[in-house]
Each structure stands twice: as structure tokens, then as C-alpha cells.
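For reference, the structure discussed in these notes is given below.
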Amino acid sequence: VGQGKLLLVGGGSEKQGGWSDTPYQWAINQSVNKKVAIVSYQSQDDWLKNYFVSLGATQASNYTISTRTDADLQATYDNLMACDIIFFKGGDQTQYYSLYKGTKVEQAIEDKFAGGGVIGGTSAGMAILSKIFFSAENGAFYPADGLESINSPYFSLKNDFVDIFPDFIFDTHFIERGRNTRLMAFMAKWFQQTGNLVKGIG
């Protein structure tokens, strides 16, 4: 038992026999019980669940957690902690932040990681896993926004959610959406706000 592992997926559709097999297989191989919890705030189909099983998961379950009440249930915590992989789907990181901050879901992420489990996510589900993250509460932030103004109203950086990977900012869809300048802008803005130099992973 020790620090857990992170599966960081920038985005894109998973594909059987394609690019996603290697990283998703890696996550299963890091897991002791090979049980996967797939978390989203919106309804889910069975494709990703079946995909994890095809890669060797002994069990994969969808957990649609769409209210703060459900996110803060002890049963929700217990279900997530019964799995060694907790994986967050894409969507809107504002929803994850507003629904899960300060709840049993957040506690499960931190406790599972501290116990050696695997925490993963794709797209918005990846973006929420760095301690400092773009919450998107003020709307979309395009790569040019930060270059045009360090005081752009679209900056919305937080550090009061998942506390498993400090001193980093993650960004997604990095090459596809040309976000290298966006990530540098996030790092510069955080330094302006706090005086702390942090690292970026795109």
C-alpha cells in the first residue's frame, strides 16, 4: 500500500484494438482486484464498461452520480472504494467540481489514491485530477485568450478540489486543439495569483 497511480487520457474516443488499449490495459494491470468504477454526472451506456472487461477487468460498473446528495452518500463512497480503479469520463469539469467538491466522491478519490489505487480520467475527467485545475466556471478558454491578456475573464483556476497531485496543472486535447499556449497561460496566471511556480502536463 502506498501512493497510487494516475491514468491521464487527453481525450478522444476509446477504440477496441486501437490507441486506448495500451493505457487502459496498464491501469488494469496496476490494480490488485481489477475492479473498475466508471464515474460520470450524466447517463452512461455499457460500451466503456464492456471495454474494460475485455482488457481483463474482473468487474466494471457505471456510477452515474448527478446530484450532490448522491455524491455524499456513504453507499457511494463504499461502492467506489470497493474498486481499485476509479475512472472519470469526459464532459464538463464545472459539473464535476460543483457536484463532487467536499463530498464522499472527493474523499474516495483521495483515499483510494493514498491506498495505492488507480485514479484515471479522460478529457474533463482528467482535467479535474490535478490539484490546480481549470474549472471552466467562466466559460471556455481558448489558447489565444491567455496570450491576449493575463487578466482574461475566462481564467478560472482552482486548487480546492481533488488533492492527489500537487504543484501541477493538467490540460487535455493538447495537440488536437493547440492548447500548449493555453497551458502556459494557466501556469503564468497561477504564478500571478499566488507567486507559486507550478508544472504543466498536457
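The values are calculated or read from the model by the stated rules, or taken from the named source; none is laboratory data. These numbers come from a predicted model, not from an experiment. Because the Cβ atoms are built from the backbone with ideal geometry, glycine has one as well, and the counts that use them run over all protein chains shown. For the accessible areas, the whole protein counts, side chains as well, though only heavy atoms, and no ligand, DNA or RNA atoms are used. Shrake-Rupley method; radii C 1.70, N 1.55, O 1.52, S 1.80 Å.
Using a 1.4 angstrom probe, figure out how much accessible area the chain has per residue, in square angstrom, rounded to the nearest whole.
Here the per-residue accessible area is 45 Å².
Running a GNM on the chain with Cα contacts under 10 Å, which residue among V53, V105, V36 ends up with the highest mean-square fluctuation?
V53
Provide the FRET efficiency to the nearest 0.05 for the Q59-E110 pair, computing r from the beta carbons and using R0 = 22 Å.
0.45
Just to confirm the filter: which GluC sites (Glu not before Pro) across the range 96-150 are DSSP coil and have at most 16 other Cβ within 10 angstrom of their Cβ?
Sites meeting the loop and neighbour criteria: E137.
Please work out whether the range 71-188 counts as rounded, prolate or oblate from its C-alpha gyration tensor, where a ≥ b ≥ c are the square roots of the eigenvalues and a/c under 1.5 means rounded, while otherwise a/b larger than b/c means prolate and anything else oblate?
Note, shape of the range 71-188 comes out prolate.
Could you work out the relative contact order of the range 35-122? I mean the mean sequence separation of Cα pairs under 8 Å and 6+ apart, divided by the number of residues, in percent.
Normalised by residue count, the contact order of the range 35-122 is 34 percent.
Can you tell me how much longer the chain between S43 and D163 gets when fully stretched, taken as 0.36 nm per residue apart minus their C-alpha distance, in nm with one decimal?
40.6 nm
Indicate the gyration tensor shape class of the range 1-72 (rounded, prolate or oblate), computed on the Cα atoms with a ≥ b ≥ c the square roots of the eigenvalues: a/c under 1.5 is rounded; otherwise a/b larger than b/c is prolate and the rest oblate.
oblate
Quick check: pseudo-label points 7 Å beyond the Cα along Cα→Cβ at Q3 and K15, how many nm apart are they?
So the label points at Q3 and K15 sit 3.4 nm apart.
Using +1 on the beta carbon of Lys and Arg, -1 on that of Asp and Glu, and nothing else charged, what's the dipole of the chain about the Cα centre, debye to 20?
It comes to approximately 260 debye.
Where a ≥ b ≥ c are the square roots of the eigenvalues of the C-alpha gyration tensor, would you call the range 30-88 rounded, which needs a/c under 1.5, or, failing that, prolate if a/b is larger than b/c, or oblate?
Taking the square roots of the gyration eigenvalues as a ≥ b ≥ c, the range 30-88 is oblate.
DSSP beta bridges in the chain, what fraction antiparallel, as a percent rounded to 5?
About 10 percent, rounded to the nearest 5.
Expressed as a whole percentage, what fraction of the accessible surface of the range 48-160 belongs to carbon and sulfur atoms when a 1.4 Å probe is rolled over the protein heavy atoms?
Of the solvent-accessible surface of the range 48-160, carbon and sulfur hold 48 percent.
Once the other residues with Cβ under 12 Å from the Cβ of K35 are scored (Lys, Arg +1; Asp, Glu -1), what is the net sum?
Every neighbour counted, the sum reads +2.
Sort K5, K15 from largest to smallest accessible area, using a 1.4 Å probe on the heavy atoms of the protein chains.
Largest accessible area first, the list is K15, K5.
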